[in-house]
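The values are calculated or read from the model by the stated rules, or taken from the named source; none is laboratory data. Since the structure is predicted, the reported quantities are computational estimates derived from the model, not experimental observations. As a convention, Cβ positions derive from the backbone with ideal geometry for all residues, glycine included, and neighbour counts pool all protein chains shown. Only protein heavy atoms, including side chains, enter the accessible area calculation; ligands, DNA and RNA are left aside. Shrake-Rupley method; radii C 1.70, N 1.55, O 1.52, S 1.80 Å.
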Amino acid sequence: MSIKSICCIGAGYVGGPTMAVIAKKCPQIKVTVVDINEKRIAAWNDPDVDNIPVYEPGLGEIVADARDKNLFFSTDVDRAIDEAEMIFISVNTPTKTYGEGKGQAADLKWIELCARQIAKVAKGDKIVVEKSTLPVRTASTLKDILTHTGNGLNFQILSNPEFLAEGTAVEDLLDPDRVLIGGEQSPEGEKAIQALVDIYAQWVSRDKILTTNVWSSELSKLTANAYLAQRVSSINALSELCEHTEADINEVARAIGADSRIGPKFLKASVGFGGSCFQKDILNLVYISRSYGLNEVADYWEQVIIMNDHQKRRFAKKIIRTLYNTVSGKKITFLGWAFKKDTNDTRESAAIYVADHLLNEQSSLSVYDPKVTEEQVFTDLDYLDTRSPEENRKALKVIKDPYKACENSHAVAILTEWDEFKDYDWQRIYDSMLKPAHIFDGRNLLDKEALRKIGFQVHAIGTAD
Ligand code: UDX
Ligand code: ADP
């Protein structure tokens, strides 16, 4: 079966870029991305592609190329569902903030709503593809809802987890390490799997397209993220040891990464991992393990999160300790707010938690990030509900010019590894700061020796400074 029409529910970080690339690579398929958020859809349709809601290098060009040819963004969810032979579900699945599983399990409210809507609207058989990260066995929930509330139609559920990383989403989609497709082990299931394989095969070589049963596919997504996060927590655990032993974490990372079995990637010590996936997926893994009574398995993975929380807290505490045990009334400048470079996404960014800790100590903060808006910074802080919105706006200022942001501050802290920070005129920044001028490099980004020559006191993650 060759698919002619696709609908994607959810025009977010996953749905938007993924569908743009499918549309570009498969000009014969009509791709419609729908969302209930009108503002978001309007932004995807903005004639100026600089205003699309997701910032990803290369994405604007692809959207400009395919939009209104075979790529459409719309709020008419029912119509898009009705027209499509294949429906991707790409809605948010945040960690539950209430009830059973609060703080750990994924909230599947939006997924369920999608399934009910598909069941209500569909007039013909559909292939439904899970794209959002989901707990293992969600496919059976989907199948249940679709078959019991649908009009006696045949729904095939596929799991096709997304492995794109933000900032390199387009690259990852165009040239993925692998594409994973899980489906039912039945003739109809095989047919549905093949239909999706044929789409990806238009630009991905067949040996990189892995097919499995649905449960393996769902679990692989959680596991891949858990493994990656575990590497970051492992190197971060060692970074603390380095700070006490005069070993240098960068040298240790280089030495262990040279072992081809370990490999050099994902060994960068940092102020802590962030992003929408790592924490959520591990919490999910922990929750599922515990629900099967597998407490040792759950504790093992939970430690990755415990270590990450410790790293963020440790960074804030180090700033306070170094500034003579008080930051009250002192101005500290954050360079970076996004959870990593080349994205405007701030979900679970370490910066939020470090800022919260310092604000609790009555520090005054000034924040500069090349891509994150002032509105977003305050949304993140207000969400924590530690202080009133007025208090947050009084204690923290978002400044659009990095040099102005650093003026008269006691310390500069690097929270995101934006390349542009390396090229700043650090002498000028030093001259404008209060002395002694401190730099807390939470990303091991800057040239420590050059900064020390200027006169800075440099404190980097994982070195005994
Ligand atoms: C991740 C996975 O990489 C991707 O495959 C999955 O689909 C979604 O989750 P993403 O969250 O976009 O992607 O970012 P990633 O590049 O993995 O980084 C996650 C966090 O770990 C960032 O805060 C990053 O700064 C941090 N990190 C990463 C480190 O601190 N050190 C490293 O060596 C690597
Ligand atoms: P992700 O990072 O997983 O892509 P986002 O939060 O960026 O998550 O995007 C998810 C999108 O899904 C949001 O824009 C949200 O408005 C949309 N969404 C959630 N539920 C529905 C629904 N029932 N119908 C249409 N869109 C939905």
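Here are the numbers for this structure:
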| quantity | calculated |
| --- | --- |
| Test: residue 228 is within 29 Å of residue 62 (Cβ to Cβ), open to solvent by 30 Å² or more (accessible area, probe 1.4 Å), in a helix (DSSP H, G or I) and modelled with pLDDT of 90 or more | yes |
| Close pairs from region 259-288: first closer than 17 Å to residue 309 by Cβ, partner more than 16 Å from ligand 2 (Cβ to nearest atom) and among the acidic types (Asp, Glu), Cβ under 6 Å, at least 6 apart | 286/302 |
| Residues that are open to solvent by 60 Å² or more (accessible area, probe 1.4 Å) and in contact (Cβ under 8 Å) with a residue 40 or more places away in the chain, drawn from region 235-249 | 238, 244, 245, 246 |
| Residues (within 16 Å of ligand 2 (Cβ to nearest atom), open to solvent by 20 Å² or more (accessible area, probe 1.4 Å) and in a loop (DSSP other than H, G, I, E, B)) located in region 347-383 | 347, 348, 371, 373 |
| Only one of 158, 146, 153 that is over 30 Å from residue 302 (Cβ atoms), more than 19 Å from the chain's Cα centre (by Cα), assigned to a loop (DSSP other than H, G, I, E, B) and of a type in the set (A, V, I, L, M) | 153 |
| When residues of region 269-297 are limited to those that are in a loop (DSSP other than H, G, I, E, B) and among the hydroxyl-bearing types (Ser, Thr, Tyr), the one surrounded by the fewest Cβ atoms within 10 Å (Cβ to Cβ) | 292 |
| Residue in region 185-206 that is within 16 Å of ligand 2 (Cβ to nearest atom), over 28 Å from residue 274 (Cα atoms) and surrounded by 14 or more Cβ atoms within 10 Å (Cβ to Cβ) present | no |
| From the options 343, 322, 333, 326, residue that is surrounded by 24 or more Cβ atoms within 10 Å (Cβ to Cβ), within 27 Å of residue 410 (Cα to Cα) and among the hydroxyl-bearing types (Ser, Thr, Tyr) | 333 |
| Answer from 266, 315 - the residue that is crowded, with 22+ Cβ neighbours inside 10 Å and either at pLDDT 95 or above or in contact with a Gly (Cβ under 9 Å, 6 or more places away or on another chain) (or both) | 315 |
| Residues of region 263-291 classified as more than 16 Å from ligand 2 (Cβ to nearest atom) and at positive phi, total | 3 |
| Hits in region 436-465 - residues which are open to solvent by less than 40 Å² (accessible area, probe 1.4 Å), among the hydrophobic types (A, V, I, L, M, F, W, C) and not in a loop (DSSP other than H, G, I, E, B) | 439, 440, 451, 458, 460 |
| Residue check, residue 202 part of a loop (DSSP other than H, G, I, E, B) and free of Cβ contacts under 8 Å to residues at least 60 places away in the same chain | no |
| Residue check, residue 254 basic (Lys, Arg), touching a helix residue (DSSP H, G or I) at 6+ places or on another chain (Cβ under 9 Å) and in a helix (DSSP H, G or I) | no |
| Answer from 54, 33, 14 - the residue that is under 26 Å from residue 371 (Cβ atoms), in contact with a Cys (Cβ under 6 Å, 6 or more places away or on another chain) and within 13 Å of ligand 2 (Cβ to nearest atom) | 33 |
| Hits in region 42-51 - residues which are within 24 Å of residue 339 (Cα to Cα) and either more than 16 Å from ligand 2 (Cβ to nearest atom) or open to solvent by 10 Å² or more (accessible area, probe 1.4 Å) (or both) | 43, 49, 50, 51 |
| Candidate set from region 413-433 (those that are over 17 Å from residue 443 (Cα atoms) and of a type outside the set (Lys, Arg)); member that is most open to solvent (accessible area, probe 1.4 Å) | 431 |
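Yes/no per residue for (1) modelled with pLDDT of 90 or more; (2) within 30 Å of residue 287 (Cα to Cα); (3) within 11 Å of ligand 2 (Cβ to nearest atom):
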position: 74; (1), (2), (3): yes, no, yes
position: 77; (1), (2), (3): yes, no, yes
position: 83; (1), (2), (3): yes, no, no
position: 100; (1), (2), (3): no, yes, no
position: 117; (1), (2), (3): yes, yes, yes
position: 121; (1), (2), (3): yes, no, no
